[in-house]
Amino acid sequence: MSSVTILHNSRAGRASYARQVERLADDLVHDGLAVKLERRDDIDGLRAAAREAAAGGADVVLVAGGDGTVGAIAGELAGQATALGILPAGTANVLAKTLTIPRPGLGRSNRLTQAARLLLDSPARLTDLGCGNHEYFLVWAGMGLDALVTQ
């Protein structure tokens, strides 16, 4: 049985994503997986939960959040045996779009469950991980005016 931890950044994306994340957890349990759902509204809490999941032997950490959340958690899991999966539940979800991971939308189908099943059925792959000013990222980093506008 695979052990899956779902980390949900409850401040990311739309409020409706919370229900989709809950349904995803239920769907994966129904599929026979051991699932732990952690909801946090701060990045430090999510980082701590990712470290705990890896230390506890989780096979996979699925991150439900945006590009910033995914990058931060990728940094926590770097060099660990625990795989990272991206559940696009942020605002822009640029990395998920690039990787063609199903993104949540309106309607009855739970795209997060589709994304999770796709990720769990696919082989793990190594990827580059950037770091600047002790912050990890997967998509891009900005400086100067870009960073000021983002802040």
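The values are calculated or read from the model by the stated rules, or taken from the named source; none is laboratory data. Because the structure is predicted, anything quoted here is derived from the model rather than measured. Backbone-built Cβ (ideal geometry, glycine too); neighbour counts: all protein chains shown. For accessibility, only protein heavy atoms count, side chains too; no ligands or nucleic acids. Shrake-Rupley method; radii C 1.70, N 1.55, O 1.52, S 1.80 Å.
Would you point out which residue out of 4, 29 is at negative phi and either crowded, with 22+ Cβ neighbours inside 10 Å or in a loop (DSSP other than H, G, I, E, B) (or both)?
It is 4.
Looking at (1) assigned to a loop (DSSP other than H, G, I, E, B); (2) in contact with a strand residue (DSSP E or B) (Cβ under 8 Å, 6 or more places away or on another chain), can you tell me which one residue 92 breaks?
(2)
Give me a count of the residues in the range 32-66 that are open to solvent by 10 Å² or more (accessible area, probe 1.4 Å), within 21 Å of residue 16 (Cβ to Cβ) and part of a strand (DSSP E or B).
5
Can you pull out the residues in the range 7-26 that are part of a helix (DSSP H, G or I) and either of a type in the set (Val, Ile, Thr) or out of contact with any helix residue (DSSP H, G or I) (no Cβ under 6 Å at 6 or more places or on another chain) (or both)?
17, 18, 19, 21, 22, 23, 25, 26, listed by residue number.
Output yes when any residue across the range 88-100 is crowded, with 18+ Cβ neighbours inside 10 Å, at positive phi, touching a residue at least 24 places away in the same chain (Cβ under 8 Å) and in contact with a Lys or Arg (Cβ under 9 Å, 6 or more places away or on another chain), and no when none is.
Scanning the range 88-100 turns up at least one residue that is crowded, with 18+ Cβ neighbours inside 10 Å, at positive phi, touching a residue at least 24 places away in the same chain (Cβ under 8 Å) and in contact with a Lys or Arg (Cβ under 9 Å, 6 or more places away or on another chain).
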